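**Student:** Quick one: the structure is below, questions incoming.
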Amino acid sequence: MLTVEGKWIWDSWYCRDDQGLWHAFFLQADRSLGNPELRHWNVTWGLATSPDLRKWTYRGTVFRPSKTPSFDDLTIWTGCVVRNDRNSWTLFYTGTSRAEEGKIQRIGRASSTDLVHWRRQGLALERTGENAEYYEGCVPRRWKDCSLRDPWVIRDPEGSGWLMYFTARSPMPSDTNASGAIGVAHSHDLVNWQLQPPVYVGSFGEIEVPQVFQRGDKWFCLFCTHSQCWSEEFKRNYPGEPVAGIHYLAADHP
């Protein structure tokens, strides 16, 4: 669908402006790094636009890690963009810092009127306050990082405000590969967020890039995971070998 010469591109998310033009945001890194695994620590965001989701025009780099010490001065990872109640756009994204060697993930917020020029608005969500105990902190011998990333924001379909789903981990299961979680937070204004208990825990060590939507009378959540992150229970019940790929959850309620 889209290639950018000289760059790796991966995780992407989309929105459509008032003129019907689609905007694809994605993670990108220079192939001159040589080792593709280094891309995660040398990441910026690219933008491409399309009138029909088929023919794309690359618009260049639109977001970078902070130039000054901050929660997002090392990396900026996967996010999402929503139209806010002020008739402009709000961006949510994953950030890590140099001071913490990228170990602790937080979710930041930025705003734009044109989907191209973004202004940072600071932190949106971290592991603090009520219900924080449902989410695993930094336990070096248990997991590689403090997971709180990949925000996916929708309007709350059963009340006022907004819901944010995100990749997280639970401190509860003893099997670290059964501790992956999809967290959720609620906000009335897209600014102040309150953690809620996770909507799902189990099956995998990482449940990445959750994307939630309704189809008919059911709710679905797409996510991806690695073959090495399958729990022992899930492997016992699955009729095949572990593979990396996309899975989904289904529910009657968001």
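**Student:** GluC sites (Glu not before Pro) within segment 154-229: which are DSSP loop residues with at most 12 other Cβ atoms inside 10 Å?
**Tutor:** Numbers: sites: Glu158, Glu206, Glu208; in loops: Glu158, Glu206.
Those satisfying the criteria are Glu158.
**Student:** Would you work out if segment 1-143 is rounded, prolate or oblate? Take a ≥ b ≥ c from the square roots of the eigenvalues of the alpha-carbon gyration tensor; rounded if a/c is under 1.5, else prolate when a/b is larger than b/c, oblate otherwise. Please report the intermediate quantities before stating the final value.
**Tutor:** On the way: a/c = 2.11, a/b = 1.30, b/c = 1.62.
Oblate, because a/c is 1.5 or more while a/b does not exceed b/c.
**Student:** Please work out the Cα convex hull volume for the chain and give it in Å³ per residue. Numbers along the way, then the final one.
**Tutor:** On the way: hull volume 38.6 nm³, N = 254.
That works out to 152 Å³ per residue.
**Student:** Kirkwood hydrodynamic radius (Cα pairs, Å) of segment 1-71? Please report the intermediate quantities before stating the final value.
**Tutor:** Details: mean 1/r = 0.0762 Å⁻¹.
One decimal place: 13.1 Å for the Kirkwood radius.
**Student:** A follow-up question, please. As a check on your grasp of the helix formula, calculate [θ] at 222 nm for the chain: sum -39500 (n - 2.57) over DSSP H runs of n ≥ 4, divide by the residue count, round to the nearest 500. Could you put the intermediate results ahead of the total?
**Tutor:** Numbers: 1 runs with 6 residues, N = 254.
Computed mean residue ellipticity for the chain: -500 deg cm²/dmol.
**Student:** How many angstrom lie between the C-alpha centres of segment 219-239 and segment 134-163?
**Tutor:** Cα centroid to Cα centroid, the span is 19 Å.
**Student:** What is the pair-distance distribution P(r) of segment 107-245, computed from all Cα-Cα distances in 10 Å bins starting at 0, with each bin given as a whole percent?
**Tutor:** 11, 38, 33, 15, 3
**Student:** What does the charge dipole of segment 65-251 about its Cα centre add up to, to the nearest 20 debye, if the Cβ of each Lys and Arg holds +1 and the Cβ of each Asp and Glu holds -1?
**Tutor:** Numbers: 20 positive and 22 negative charges, 75 e Å.
In total the dipole reaches around 360 debye.
**Student:** Shifting gears a bit: Mind listing P(r) for segment 71-110? All alpha-carbon pairs, 5 Å bins, whole percents.
**Tutor:** For segment 71-110, the pair-distance distribution reads 7, 26, 26, 16, 12, 8, 5, 1.
**Student:** Using the 10 angstrom Cβ neighbour count as an exposure proxy, how do Glu5, Glu130, Glu233 rank, fewest first?
**Tutor:** On the way: Glu5 6, Glu130 9, Glu233 14.
If I rank by nearby Cβ atoms, fewest first, I get Glu5, Glu130, Glu233.
Where a number appears in this text, it was derived from the coordinates with a stated rule and is not lab data. Because the structure is predicted, anything quoted here is derived from the model rather than measured. Note: ideal-geometry Cβ built from the backbone for every residue, glycine included; neighbour counts use all protein chains shown.
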